[in-house]
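Asker: I'd like to ask some things about the structure below.
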Amino acid sequence: MTIRHHPADPTLVASAAGTLGEGLSVVLATHLALCGHCRERMRAAEALGGALFEALPAAPPSAARRDAILARLDRGPGAAPGPVAARDVPRPLADYLDRDLAAVPWRGLARGVRHYPLSLSRPAGGTLRLFRIAPGTALPRHTHAGQEFTLVLDGAFHDETGEYRSGDLADMDATHDHRPIADEGGDCVCLVATDAPLRFHGLVPRLVQPFLGL
């Protein structure tokens, strides 16, 4: 697998600082499971964050915080992770998807587009869903009110920023205006997360957007 598109540096720094929403974090972690180059970049971002943290003035924890730390130590280590249920899914995504990609119960969204929403543990964590897009299908042109991460799991798509294949991550924000189109040759399966609603240009997509949760 040759991965050509990677998350931006500010995205890795935000992840190291723990400020990414849950949905975005799942997509990024799934990309990291596939991309050794970005795992090295992530380690560098975490090392930088640790150095900055150590440079902060020391302050004693509050009594409540101290009690919580001690209680966690008393409990000891948690149980080891269970087996991965989905054979063809990277571990971070498998924690949210208890089946193989071939067994996903897709729901129709639009002509040539099917999706499968994934549940997040926190309502404010944004949205996370799988998309299956038929060859040659174009999604409505849109920009973003926040961030949108798209990770290709199978197939490919292209837009104004380039072509994205398996393992590639499209890191989009309000500066990007694009119209993704699935390549010919097979369905494009993507994992997509947003932390704010998309901003569609067309009237019809804007009218149906509240019903689709996009």
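The values are calculated or read from the model by the stated rules, or taken from the named source; none is laboratory data. Quantities reported herein were computed from a predicted structural model and do not represent experimental measurements. Heads up: the accessible areas ignore ligands, DNA and RNA and are worked out on the full protein's heavy atoms, side chains in. Shrake-Rupley method; radii C 1.70, N 1.55, O 1.52, S 1.80 Å.
Asker: Just the accessible area for residue 96, please: 1.4 Å probe, Å², rounded to the nearest 10?
Answerer: Taking all protein chains as shown, residue 96 has close to 70 Å².
Asker: Could you sort 161, 11, 19 by accessible area so the largest value comes first, with the probe set to 1.4 Å?
Answerer: In descending accessible area the options line up as 19, 161, 11.
Asker: For 99, 111, give the ranking by accessible area with the largest first, probe 1.4 Å.
Answerer: Ranked from most to least accessible, the order is 111, 99.
Asker: May I ask you to compute the full-extension gain from residue 2 to residue 119, defined as 0.36 nm times their residue separation minus their alpha-carbon distance, rounded to one decimal in nm?
Answerer: 39.1 nm
Asker: Over the range 109-172, what is the mean sequence separation of C-alpha contacts under 8 Å (at least six apart), divided by residue count, expressed as relative contact order in percent? Display every interim value, and only then the final one.
Answerer: Working: 71 pairs, mean separation 15.3, N = 64.
Relative contact order here is 24 percent.
Asker: Okay, next question. Let me check something: with ligands and nucleic acids excluded, how do 22, 46, 184 order by accessible area (1.4 Å probe), largest to smallest?
Answerer: 184, 46, 22
Asker: Find how much the distance from residue 143 to residue 196 grows on full extension, using 0.36 nm per residue of separation minus their present alpha carbon separation; answer in nm with one decimal.
Answerer: 18.0 nm
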